[in-house]
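Step one of this worksheet: look at the structure below.
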Amino acid sequence: MNVINAQTKICIIIGDPVEHSLSPIMHNTAYRALHIDNQFVFLASRVSIEDVEQIVKAVRIMGIRGLTCTIPHKLEVMKYIDKIDPIAQKIGAVNTVVNDNGVLTGYNTDWIGAVVPLENSLGKNGLIDKNVALIGAGGASRAIAYGVIERGAKLTIYNRTIETAKILANELGAEFASLDQIADVKNANIIINSTNIGMGSLANETPVPDKFINRDQVIFDAVYVPFETLFLKEARAKGATIIHGIEMLLHQGTAQFEYYTNHPAPLETMKTVLYNHFNIHEIQKNKINIAIPIQVNGSIQSIKKRVVQAVASGADIIEFRLDYWRINKQIDDIFLKLLRNITPIPVILTVRSAQEGGKSILTDVERISLLRRAVEHNFDFVDIELSTLVKHNIDVKDFKKDSSTKIIVSYHNFSTGDDLSTLQNIKDQMIKKGADICKIVVTSQGEETNNVIFNLIKSNKQVGHVIVGIAMGETGVSTRIKGPSLGSHFTFVTVDKQGNTAPGQLYICD
Ligand code: NAP
């Protein structure tokens with residue numbers, strides 16, 4: 001860690017309130033990752049709207065480098081700065097003020113925050129000619145509306161106050177409608193919520209009844225607390241592709257980071273900080289984030305029954321183990337699509353090789369091709385062994401392409417434990433390959449191995465790498481129980497003895 005000194009530049013977020021803001025941890029962790037934490041520091045301050053003019057004066061006097069504005073200051077700040085970027089002008093809001101030697105320029109990065117996750121999901125140019133239904137016409141909606149129109153979509157804005165929807169629609173060349181016409185969203189390719197519905201006192205409400213959502217749609221919620229709103233949960237259950245509000249927060253933040261520092265933003269680090277933040281809450285809430293493996297070897301109906309049983313038992317994640325497949329018929333795209341859509345919770349897809357303790361009878365080439373198809377079908381997570389990536393010279397980014405699937409890169413030692421430096425080295429190789437999650441599984445030889453796993457989890461949590469660390473076998477059980485509370489992303493648990501996929505795996509009743 002570098003030391004803050006007299007040359008360190010200040011960036012600051014102002015809002016009212018601001019104490020909930022994730023910008024400081026996101027930016028400061030990114031500074032540390034790039035070793036520029038002696039050059040920049042990111043703070044937060046609650047400022048009331050009548051003091052914004054004074055704050056802008058302070059920015060000039062103190063040479064503050066970046067002023068991030070959140071609710072309710074995005075309009076107010078525009079009155080006091082020197083220049084406004086044309087896009088921010090068109091949107092009518094500024095969330096990023098850059099101080100270049102005393103000249104203050106206002107930008108808007110919220111629109112980038114909306115467009116990038118949509119294009120990650122739909123592919124580049126994927127918004128062209130798509131019918132987008134945007135619910136809401138407030139500040140966030142203005143940025144989202146600008147972004148989707150800029151990228152070629154056809155937009156209809158639905159709002160409680162029809163007049164506001166009309167004004168925005170007329171400014172940008174969109175259609176508008178009232179919430180009484182919400183049934184029409186069933187014909188849209190993409191539905192976006194940018195109202196307050198789904199958060200705070202409206203957490204049990206959804207802007208769109210699920211009867212109007214179908215599996216071919218992309219559903220995006222700008223709300224990011226809770227991490228997954230009722231709107232997204234119901235859309236997931238319908239098999240639609242969903243995008244969480246945290247993705248918007250992330251990408252507006254990376255764009256802002258680049259304005260302030262002139263360095264490319266460390267996307268994965270910033271993403272990990274945000275996801276860790278929410279996972280910590282999930283883990284605290286559920287005590288342990290539980291992944292239940294399901295051996296896939298039968299009809300979709302029989303798998304669906306096991307999914308229902310797993311969800312009812314408290315699963316947070318389902319792992320489909322395709323290496324158990326013994327049916328004399330290839331797994332085709334229709335089956336993969338059905339598999340993708342039968343769970344209301346996140347899914348991992350695994351085709352574990354025999355060399356790493358799995359049951360697959362496929363060649364590596366066939367396994368890799370199956371995993372690639374799983375990525376194309378947007379499974380939430382796809383698990384591939386580090387040894388397979390190395391042997392076939394594959395990088396995760398080539399594997400992922402434009403998909404939002406997170407890649408778990410895994411390592412299994414079925415004979416013994418490894419020492420900490422060996423495991424850190426393996427984890428470094430995984431990160432270098434581009435892993436989103438590093439899964440490291442060894443065989444417990446007792447307390448010593450378990451402590452190595454605990455240290456691995458703790459040290460990587462501190463640097464923002466997402467780890468699943470497990471020591472298998474009877475003596476490793478404590479790593480399965482205690483690991484998640486230290487920062488391991490999830491733990492595997494089975495519903496019954498038949499579902500067991502690794503030594504020492506616990507039953508849900510444990
Ligand atoms: P805003 O300017 O106050 O706009 C609020 C919008 O929600 C308006 O369209 C309002 O409709 C509508 N609304 C509020 N309560 C409603 C209700 N009970 N029923 C129907 N409509 C209702 O707020 P904002 O800054 O745009 O923020 C909106 C949401 O986006 C918030 O949840 C915020 O957290 C989220 N957001 C997320 C990000 C991110 O990075 N993910 C960034 C910015 C904002 P009326 O016009 O009728 O009042």
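None of the figures in this text is laboratory data; all of them are computed from the coordinates on show. The structure presented is a predicted model; accordingly, all values stated were derived computationally and were not measured. Virtual Cβ from ideal backbone geometry, glycine too; neighbours counted across all protein chains shown.
Quick notes
- Shape call, region 387-426: gyration tensor on alpha carbons, a/c limit 1.5: prolate
- Length gained on full extension, residue 4 to residue 451, computed as 0.36 nm times the residue gap minus the Cα-Cα distance: 157.5 nm.
- Computed from label points 7 Å out along Cα-Cβ, the spacing between residue 171 and residue 428 is 5.1 nm.
- Cα gyration tensor of the chain - equivalent ellipsoid semi-axes, whole Å, descending: 41, 29, 19
- Residue list for region 124-151, given a label point 7 angstrom along the Cα-to-Cβ vector of residue 216 and an amide N cut-off under 16 Å: 129-133
- Listed residue pairs exceeding 26 Å between alpha carbons, taken from 186/337; 211/329; 233/400; 359/427; 271/400: 211/329
- Value of relative contact order over the chain, rounded to a whole percent, pairs C-alpha under 8 Å and six or more apart: 9 percent
- Pairwise Cα separations in region 446-500 fall into 5 Å bins from 0 onward with the following percentages, short to long: 4, 23, 29, 21, 13, 8, 2, 0.
- With coordinates expressed along the principal axes, the C-alpha atoms belonging to region 49-134 extend over 46, 25, 18 Å, beginning with the largest.
- For region 260-364, averaging the sequence separation of C-alpha pairs within contact (under 8 Å, six or more residues apart) and dividing by the residue count gives a relative contact order of 24 percent.
- Over all Cα atoms in region 127-178, the spread is summed up by Rg and Dmax: 9.5, 28 Å.
- Under-5 Å amide H pairs with residue 504, H placed in peptide plane, nonlocal only: 473
- Computed across region 114-239, the Kirkwood radius stands at 14.3 Å (inverse of mean 1/r, all Cα pairs).
- Cα-based convex hull, region 40-82, per residue volume (Å³, whole number): 74 Å³
- 20 Å Cα-Cα reach of residue 433 towards aspartates and glutamates, excluding residues that sit fewer than 8 places from it in its own chain: 268, 356, 364, 376, 380, 383, 385, 395, 398, 402
- In terms of its C-alpha gyration tensor, region 1-156 comes out prolate, because a/c is 1.5 or above and the ratio a/b outweighs b/c.
- When you restrict to C-alpha pairs under 8 Å that are six or more residues apart and normalise by the size of region 316-474, the relative contact order lands at 17 percent.
- Take the Cα of residue 332, step 7 Å toward its Cβ, do the same at residue 401, and the gap between the two points is 2.0 nm.
- Estimated inter-spin distance, residue 305 and residue 100, nm [label 7 Å along Cα→Cβ]: 6.7 nm
- From the C-alpha gyration tensor of region 397-455, square roots of 5λ in Å: 26, 10, 9
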